[in-house]
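Derivation of every value follows stated rules applied to the coordinates shown; laboratory data play no part. Small disclaimer: the values here were computed from a predicted structure and weren't measured. When we count neighbours, we look across all protein chains shown, and the Cβ atoms used for this are built from the backbone with ideal geometry, even at glycine.
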Amino acid sequence: MARPDFLSPVHLYAPVDSFPAAGSEQSPNPQLLLNPNKSAMLIDQFRFSGQQAPLLHTDLWDFTYLGVDIRLGSIPLTNGIVPIPAIVPRYFGFPFATTAFDGTPTNDDAVMTWHLPRPLYVPPGVQLYVRFVRQDVFSVNNRDSAIENIGFSVVGRSMPTDYPIPKKIWVPWATATQCKQKATPFLRFVSTDQELANPNTELLHVTSLNGFNTASQQGDQGLPVKSPLTAQMTLSSGKMLMRDPTNFFSLFPTDRGVLNLDAVLQSKEFVRCELELTQPDPAFGNTPNDTIEYTTIGMIGYREVQTPIGVQP
C-alpha cells in the first residue's frame, strides 16, 4: 500500500547558552533545527522562549536586550541583528502583574512568536543559522545580571520525501529601527535610510509594522510614556504613509503592537520614520521622566528567491 501524501507537524527546539554581559553572542546548534524526517519542511513560526519581566521592571525583561540574525543557508532573513520585540507581536500589556505568594514580583516564562508572513520552504540538508546578540539598549540603568534559559523553536510541517522541489520560494524579511538616544520632549528621532529598508534585489512585499515602547528608565520601567508620543512615516519615493503626526499607541497598541499593511517596496527603497514627544506631562512639571529611548519599530515582509539546494555558508 502506498504511503499517504500528507504533511506531518514538526516542532524543533534548540537551547541557547547564557548571555553574561553586553556583547555576548550565542547560537543554537543548527543540527537541532534540521528536519529529522530527512525531507523538506514548511516553517510557519519562529518562537523565542525566555522570561517576562516582573511588575515595573522591563529593564529586566530578557527580550529587551536580545537581537537576532537568522539565515536560511546563505540567504538572510533579517537585516543583520534585529531586536526581537521588533519582529514579534505581543499578547500582553505592560505592566506585568505577576506576583509570588508573598506579593513580590516574579519572572515568568514567556514565549514570543514570529508568525511568518508566508510559510518558509526549507530543503532537506539546508540549515537554519540563528545568532543572538545581547546589547545594552539604555543610556543608563541597563541590566547587569545574566540572561539565561533562552530557547529557539521552529514550528511547521514536514513534507513528503518525494515532493517536487520548487524553483523559487518565499522567504521572510525582518528589519527594524530603534531609538538609542535619550530624547526629551520636543526632540525628535528619525530612522536612517538603511534601517526600514529593502536592500535586496527582489521586490519586498511588506505585511506589517511592529511598534514597541516601554519608556521611562527612571522608576517606571514597563509603563508607556506619559507625554504624547507620535509617529510619522514617508516612503523614499516621496509618498506619504502617515502624513500627520499620529499617536504611537493608536498605531501600535501596547497589548499587541502590530499595524497590518499590504505594500510593496522596490529594491533599495526604504521607509523613513520620525518619532516625537510633543509635550511634557503636567504631572511632572517641566522635567518629565518620559523618554522615547528604546522605542522600536520593525518592518516585516517577504520576497521571492531561488530555492537553495544544499546551500552551506
Neighbour-count ranking for Asp69, Asp255 (other C-beta within 10 angstrom, fewest to most) reads Asp255, Asp69
Quick calc: nm separation of the 7 Å Cα→Cβ label points for Glu202 and Gln181 -> 3.6 nm
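Within region 116-213, list the chymotrypsin sites (Phe, Trp or Tyr not before Pro) lying in a DSSP loop whose Cβ has at most 13 other Cβ atoms in a 10 Å radius.
Working: sites: Tyr121, Tyr129, Phe132, Phe138, Phe152, Trp170, Trp173, Phe186, Phe189, Phe212; in loops: Phe138, Phe186.
Sites meeting the loop and neighbour criteria: Phe186.
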Whole-Hz Karplus couplings 3J(HN,Hα) for region 145-151, θ = phi - 60° and coefficients 6.51, -1.76, 1.60, Gly and Pro as x, run 8, 5, 9, 10, 6, 8, x
If the chain between Val140 and Phe249 were fully extended at 0.36 nm per residue, the gain over the current Cα-Cα distance would be 36.8 nm
Listed with the fewest Cβ neighbours within 10 Å leading, Met242, Met41, Met159, Met112 appear as Met242, Met112, Met159, Met41
